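Everything on this sheet refers to the single structure shown next.
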Amino acid sequence: DDDDDDHSQSSEEHKSDTDQFKDLKESDVSNDELEDCCERIGSFFDFRSAEGDNLKELLTGKTPSQQSAALDKLIKSYNPSLGEANKEHLSRLYAHLLQYTHDLFSNLNTESDIIKSFLVFDKIVPYFYDLIHV
């Protein structure tokens with residue numbers, strides 16, 4: 001009987017662990033979030049000293065899928081074929097994305113922090129490849 005109690009308790013703990021990651025599953029990006037994202041993207045590279053903060057502001061508080069969508073929109077908005085300075089902008093974005101990733105994995109205290117960081121990393125890592133080939 002105790003084994004049954006242990007199993008059900010373990011099952012409940014597992015369910016509780018997965019519930020905390022519901023917001024990290026694939027989700028659609030709402031139109032409001034895309035509009036907000038577009039406003040920030042238009043002035044992303046206006047002040048060189050604020051670029052790192054702009055990236056953090058753009059990505060923080062979003063699910064991994066939303067972060068991916070925001071990065072995709074940012075990179076497409078500064079495609080090198082759209083302007084002379086865009087290649088340099090995207091080169092700097094690469095450096096800021098590296099710093100963001102470093103910050104993402106710094107000071108992780110719990111298993112859930114580690115899992116969340118890897119879920120985000122899984123969504124943003126393809127952009128490193130894209131940016132390195134600009």
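Tell me, in nm to one decimal, what length is gained between Phe105 and Glu88 on full extension, where the rule is 0.36 nm per residue of separation less the Cα-Cα distance?
3.5 nm
For a quick check of your reading of the filter: which GluC sites (Glu not before Pro) in the stretch 69-130 sit in a DSSP loop and have no more than 16 other Cβ atoms within 10 Å?
Counting only loop positions with at most 16 other Cβ atoms within 10 Å, the GluC sites (Glu not before Pro) in the stretch 69-130 are Glu84.
Can you compute 3J(HN,Hα) from phi for each residue in the stretch 68-81, using the Karplus curve 6.51 cos²θ - 1.76 cosθ + 1.60 with θ = phi - 60°, rounded to whole Hz and x for Gly and Pro?
4, 5, 5, 5, 4, 5, 4, 5, 5, 5, 10, 4, x, 6
Since every read-out is calculated from the coordinates, none of them should be taken as a lab result. On a predicted model such as this, the values are computed, not experimentally measured, just so you know. Glycine also receives a Cβ, built like all others from the backbone with ideal geometry; neighbour counts cover every protein chain displayed.
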